[in-house]
Amino acid sequence: MTTTPKALGPTATDTQAIASAASTRYRTQNRRQKFMRNASANIAILSVLILAGTIGATIAYPDTFNFYTTGNLSVLAQQIPVIAIMAIGAGLLMIAGEFDLSLAGVYTVCPFLAALAFTQWGWPFLPAIAMSFLTAALIGATIGFVVNRLRVPSFIASLGMMFVLRGIVRGISISSSTGQPGAISLKPPVWFEWLMAGHLWGPFYMQTLWLAVFGVGAWYLLNRHVFGNHVFATGGDPEAAEKNGIRTKQTKLVAFMICSICSAFAGLMQATRINIIDPGQTLTGLELQAIAACVIGGTYLFGGRGSVLGITLGAVLLVTVENILLLIRAPGEFMPVFIGTIIIVSVILNMNVGAAAGRRRY
Amino acid sequence: MNTAIEKAASTRYTQKSWLDRVRAHPAGNVSLIFLGAIAICVVISLAVPDQFRFLSTANVNVLTRAIPTLGITALGMGLLMISGEFDLSIGATFGLSSYVMVLCYSLGYPVLVGVAAALAIAAVIGFINGWITVYYGIPSFITTLGTLFIFRSGARLVSQNKPLMFAPPEWFEFMTVGKFMGIQMQFVWFLVLAGLSWLILNRHTLGNHFFAVGGNPMAANQVGINVPRTKIAAFVWCALMAATAGVLAITRVKTATTDPQVFMELEAIAACVMGGIALTGGRGSVVGIVIGAVMFHLVKDVILLARLPGFYLDLFVGLVIVFGVTLNQVAKKRY
């Protein structure tokens, strides 16, 4: 008696059965629900509203509302990338389930070291820049080590690092003439100045291009590379990820390093544009702004959910709202009110609309 | 019968040494280090009193003036963290409520009315923080990050960025920042409030509820604890403590400004975590908070006394935070 070998894959009837089972199990979602499941759904709607509002205001008051002028747009194009690149790094780390509160420290220390090496220690330019990025990677790796090996929550580890970096900035910024901490200027070669802050066309600057590079790079890493899968898995459910053979500690370490390098790059970009690095930058609350941008952009605070588009739009929104408030000459006091309200409202929206559309509830 | 049970018990449970028992306490490790550090400081300052003026009246005064601001905010933050939430907006609460107190006084109301107004505003802020967090179910990190921005600008709107002089009546100054038998009154207030926090946490139902809600909110709900109300109470307590710290600090410097208090919230959280309070809630002690806050300034003080360059200040504070928490993590794993 001969037995026919068992079919290796699912047969036609199997496939049909599976399909029908699936159709009864999972309600098909309409287009709205599918869109709302996206991590950047709310921020996209909010951005479109702001876009519509600014266009409407420009049509209504073409003389007084100067939002769409080359001058204003180029201000935006130079300001947004700084916070957006930091937010992309912080967001990637947040998706992996960790925080970094030392961003503002890295943002100051790394360009400062580069400037110090180049202008005072007589290093050639490229090694100075390389050294500053290495320092950033080292800072990220240190936080990662403390979090992974010593099991200190990243909130505390990076807070400690923030104090350490503040101390270091204070130490290295003491000028020999006054004995007080002082600002330093990075005097980069012309080609580097162009590379970091050059003017391309109209309101577009090199910073805008860099933001695109970082955005696409992070998108590729998160959505098209195996590392992104690991990041989402690590942030979503570390134990499950670990059981699936993902080295969560290594993933976190790399995420910490990427985050630090992003802030160092943003710091270097800003230092090149305004040509001064002030030790007081550590106290400007940049880390909270970067986290705010991520959260507004739909990144889940405890990891496992988020998108590069959302994070970038979050940063764009923060800077644009500030810009609009300046344009309509609102008192400076109102600016933080808007940021605060947007943060709270967007998270409430993310949660409620998300739950309604079958998204994971907070 | 009894002897058999006792015998069984004595074989089952080995008596832990006192060291193990101390270290099993949430603040055990850090208090041992604290005592060690104090002992070393005292010995060195007795040995070389001229180089290391740790025990000099001036230094003790500096310490007892500096500690209460951080300590009182940390007391509020600590109880809130035990119930599982954060408050990043205490810097704004600190500025706004103390400014309102000075404003009331400068408008001609009695100073106590000003204090009451400050506390009332703080209570409202705490309630708003708690209400948003609990009823929308968003992480308190986000809520208070948002309200930090909102109340900070609220404070600036009230003050129009103008500093306000404060010349309180003498009895009020004595009660808050005066010297009583050689001890700074701020420090007395700090100790009184620490005692009050201890009573709330360890001798009142509310404290039990704080621990339960922070440790496991679901279970707390199951046993009939009103989780939203408990959390809101913790938020209000935290804001009240921030306002108290503000009142004491402003009375000392005699000028109310609403400059943003950068890092106040992070320093308070750091002090609490150093004192063995779990970031995730449900674990902690008042002794730990107090020691955490004192350690924070002790490190700074020793560095200043040892005449090390200023940049070591932040550096060491950072290292001490990470080191303290590492020790706590080790303790949590072992005991």
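Values quoted throughout were computed directly from the atomic coordinates according to the rules given, and no laboratory measurement underlies them. Source: prediction; values computed, not measured. FYI the Cβ positions are ideal-geometry reconstructions off the backbone, even for glycines, and counts take in every protein chain you see.
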Checklist entry - What is the diffusion coefficient of the stretch B:100-228 in µm²/s, taking the Kirkwood radius over Cα pairs and the Stokes-Einstein relation at 4 °C with a viscosity of 1.567 mPa s? => result 72 µm²/s
Checklist entry - For the stretch A:275-297, list residues with backbone N below 17 Å from a point placed 7 Å from the Cα of A:Ser177 toward its Cβ? => result A:276-279
Checklist entry - Straight-line reach from B:Lys162: which aspartates and glutamates have Cα under 19 Å away, leaving out those fewer than 8 places along the same chain? => result A:Glu333, B:Asp259
Checklist outcome for this item: Here, the protein assembly as shown modelled as identical Cα point scatterers in vacuum has Debye log10 I(q)/I(0) at q = 0.07, 0.10 Å⁻¹ of -0.53, -1.05
Next on the checklist: Given R₀ = 45 Å, what would the calculated FRET efficiency be for B:Tyr109 paired with A:Leu126, taking r from the Cβ atoms and rounding to 0.05?
Outcome noted: 0.10
Item to check | Value of relative contact order over the stretch B:59-334, rounded to a whole percent, pairs C-alpha under 8 Å and six or more apart | outcome: 35 percent
Checklist entry - Given springs between every Cα pair under 10 Å in a Gaussian network model of chain B, which of B:Pro163, B:Pro139, B:Pro309 has the largest fluctuation? => result B:Pro309
Next on the checklist: What is the distance in Å between the Cα centroid of the stretch B:151-177 and that of the stretch A:34-112?
Outcome noted: 36 Å
Checklist outcome for this item: Any residue on another chain or 5+ positions along whose placed amide H is under 5 Å from the amide H of B:Arg283 is listed here as B:Ala278
Item to check | Span from the the stretch B:32-87 Cα centroid across to the the stretch B:255-277 one, whole angstrom | outcome: 15 Å
Next on the checklist: For B:Gln184, what residues show an amide H to amide H distance below 5 Å, using hydrogens built from the backbone and excluding near sequence neighbours?
Outcome noted: none
Item to check | Tail fraction, Cα-Cα pairs, the stretch B:59-334, threshold 27 Å, whole percent | outcome: 38 percent
Checklist entry - Each residue of the stretch A:301-311 in order: what ³J(HN,Hα) in whole Hz does its phi give by Karplus 6.51 cos²θ - 1.76 cosθ + 1.60, θ = phi - 60°, with x for Gly and Pro? => result 4, 9, x, x, 8, x, 8, 5, 4, x, 4
Checklist outcome for this item: Asserting the computed 222 nm helical MRE of the protein assembly as shown (DSSP H runs at least 4 long, -39500 (n - 2.57) per run, divided by residue count, to nearest 500) equals -24000 deg cm²/dmol
Checklist entry - Tell me, what is the Rg over Rh of chain A, with Rh the Kirkwood radius over Cα pairs? => result 1.06
Next on the checklist: Quick check: net charge around B:Ile321, other residues with Cβ under 13 Å of its Cβ, Lys/Arg +1 and Asp/Glu -1?
Outcome noted: 0
Checklist entry - Which loop chymotrypsin sites (Phe, Trp or Tyr not before Pro) in the stretch A:117-171, with loop taken from DSSP, have no more than 15 other Cβ atoms within 10 angstrom of their Cβ? => result A:Trp121
Checklist outcome for this item: Taking placed amide H atoms and a strict 5 Å upper bound, the residues 5 or more places from A:Tyr205 or on another chain that come that close are A:Leu200
Item to check | Net +/- balance of residues flanking B:Phe211 in space, Cβ distance below 14 Å, scoring K and R +1, D and E -1 | outcome: +2
Checklist entry - Between B:Ala37 and A:Leu200, what FRET efficiency comes out of the Förster formula 1/(1 + (r/R0)^6) with R0 = 60 Å and r the beta carbon distance, rounded to 0.05? => result 0.55
Checklist outcome for this item: Among the Cα-Cα pairs of the stretch A:215-303, the proportion with separation greater than 17 Å, in percent, is 61 percent
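FRET efficiency for A:Tyr220 and A:Ala240, Cβ-Cβ distance as r, R0 = 22 Å, nearest 0.05?
Working: r = 25 Å, r/R0 = 1.12.
My answer for the efficiency is 0.35.
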Checklist outcome for this item: Applied in sequence order to the stretch B:62-73, the curve 6.51 cos²θ - 1.76 cosθ + 1.60 (Karplus, θ = phi - 60°) yields integer Hz couplings, x standing for Gly and Pro, of 4, 4, 6, 7, 7, 5, x, 4, 5, x, 5, 4
Checklist entry - How big is the stretch A:93-156 by the Kirkwood estimate over distinct Cα pairs, in Å? => result 12.8 Å
